[in-house]
Ligand SMILES: NC(=O)c1ccc[n+]([C@@H]2O[C@H](COP(=O)([O-])OP(=O)(O)OC[C@H]3O[C@@H](n4cnc5c(N)ncnc54)[C@H](O)[C@@H]3O)[C@@H](O)[C@H]2O)c1
């Protein structure tokens, strides 16, 4: 187990201990609904009840065991969706499986994809159902960055041509006699002191810039949407410019690390004639982002005209066999570590959401960073449509039930708003949250609510087309 995985596993073990501490909760009795009326789609309620006290996590695809190992056994039952035989899950985890709505039971609180894209999940529909979809941005950044560095070296020295030549000589049985004479054909240059332009300074671009600088390169960057966290991680000596053309103008190496976006204002063919005309004749272009970012015709003209190189991780119909191109079969993220990292990140995101209500790395829900819930506090989360007037309606229900709100958070993103309300039950004899939860959940515009307290996995209610499901 890596140091990172070990640290995470310890952190989760300490979380598990916190749940155990709930036995020592000394406040008033707290009542809330739990499976009393039964989920409409629970096929085997008794079987599900047996799991009381644990979250049920179901997986599609083969997920890295290192990621699954971060789920504390005392808190989570982890099983493959197919093995669960219809038993409802609290959360789903997948890689490439194209998930159908029927596979998302009424009990599911969230879905996490181990990977960046979420095309295999009907995100818009999940948003309507009030279910956050998580991904793992940057989990494969190190893997891709290492291959970009490999591209830097391959673009500097004719290593591949030299290796192929040695095979030919070997076949002819003349390698020893020819090697010293022929090596002159495969000369190259060093990268130290050269200029590296990085287009797109996100997870991969910023890491590439850092490592480029530590190899002694001068670095220039362009990113109109530079995030604060990326900006803080850039090399101190990096020059930031305000256009792709300025970035590439004096660059010996150009690394593309931007997303491919179709349509008007997108990035299709963004590296076309208008940009390429600013390249130095011997520039090396490293494309580990997407093939469609580069206009193949313009690139082929550039390669034909000078001593420039094109190193890419994607098929290219015109440049694939060019003597100055090295084309790889989309190997960027293909490492065990990238899969482990994605699974660990997805698992952590699910656990934080289920245990504390925190939302991180969601493609459809607002970022909501919450402190670990104080053990004597009850945390209520409410997901509603992002329409005017909802916040006051929700708050009114709490006021009507005379509960003491100690902290309240309201964030929104697109069509969804997320409310988190911490209650302090101290001072009363008992609190009946059963009616409160039903009332809040059945407000028009509310999609679901959760009560985070005591046993993991209980206290989830949904408003499905005006019907109350608990
Ligand atoms: N080769 C592979 O296997 C592989 C694996 C993962 C990702 N990728 C590709 O790498 C890209 C970057 O990944 P990441 O994790 O660093 O993404 P990221 O979202 O962390 O960073 C992308 C950065 O590009 C910037 N950007 C967007 N449009 C731009 C433009 N027109 N000009 C300059 N900057 C622009 C954004 O502001 C952002 O900072 C992905 O979009 C993906 O296409 C490839």
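The values are calculated or read from the model by the stated rules, or taken from the named source; none is laboratory data. Since the model is a prediction, treat every value here as computed from it, not as a measurement. In this analysis, Cβ positions are derived from the backbone assuming ideal geometry, glycine residues included, and neighbour counts consider all displayed protein chains.
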Checklist entry - If residue 239 passes every condition in (1) touching a helix residue (DSSP H, G or I) at 6+ places or on another chain (Cβ under 6 Å); (2) surrounded by fewer than 18 Cβ atoms within 10 Å (Cβ to Cβ); (3) under 30 Å from residue 139 (Cβ atoms) but one, which one does it miss? => result (1)
Checklist outcome for this item: Taking first residues from the stretch 447-465 that are over 22 Å from residue 127 (Cβ atoms) and outside the structural domain of residue 393 (by TED's automatic domain parsing) and second residues anywhere that are surrounded by fewer than 19 Cβ atoms within 10 Å (Cβ to Cβ) and at pLDDT below 90, the pairs with Cβ under 7 Å that are 6 or more apart or on different chains are none
Item to check | Positions within the stretch 436-470 being touching a strand residue (DSSP E or B) at 6+ places or on another chain (Cβ under 9 Å) and assigned to a helix (DSSP H, G or I), in sequence order | outcome: 436, 437, 438, 440, 441
Next on the checklist: I'm told residue 189 meets every condition in (1) within 30 Å of the chain's Cα centre (by Cα); (2) away from the ligand (no atom under 16 Å from the Cβ) except one. Can you identify the failing condition by its number?
Outcome noted: (1)
Checklist entry - Within the group 220, 198, 248, which residue is touching a strand residue (DSSP E or B) at 6+ places or on another chain (Cβ under 7 Å), within 10 Å of the ligand (Cβ to nearest atom) and in the same structural domain as residue 288 (by TED's automatic domain parsing)? => result 198
Next on the checklist: Looking only at the stretch 80-94, filter to residues that are modelled with pLDDT under 95 and outside any helix (DSSP H, G or I); which one of those is surrounded by the fewest Cβ atoms within 10 Å (Cβ to Cβ)?
Outcome noted: 85
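When you scan the stretch 283-387 for strands (runs of 3 or more DSSP E) that lie fully inside it, which ones turn up with 3 or more residues that are within 15 Å of the ligand (Cβ to nearest atom)? Talk me through it step by step, then tell me what you get.
Working: elements: 284-287, 309-312, 325-327, 378-385.
Hits in the stretch 283-387: 284-287, 309-312.
Looking at this structure, is residue 390 more than 16 Å from the ligand (Cβ to nearest atom), touching a residue at least 40 places away in the same chain (Cβ under 8 Å) and over 15 Å from residue 70 (Cβ atoms)?
Working: more than 16 Å from the ligand (Cβ to nearest atom): yes; touching a residue at least 40 places away in the same chain (Cβ under 8 Å): yes; over 15 Å from residue 70 (Cβ atoms): yes.
Here the answer is yes, as residue 390 does meet what is asked.
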Next on the checklist: Against the definition (on the phi > 0 side of the Ramachandran plot and more than 10 Å from the ligand (Cβ to nearest atom)), how does residue 272 come out, yes or no?
Outcome noted: no
Checklist entry - Of the residues that make up the stretch 253-273, is at least one within 21 Å of residue 152 (Cβ to Cβ), surrounded by fewer than 16 Cβ atoms within 10 Å (Cβ to Cβ) and at pLDDT below 95? => result no
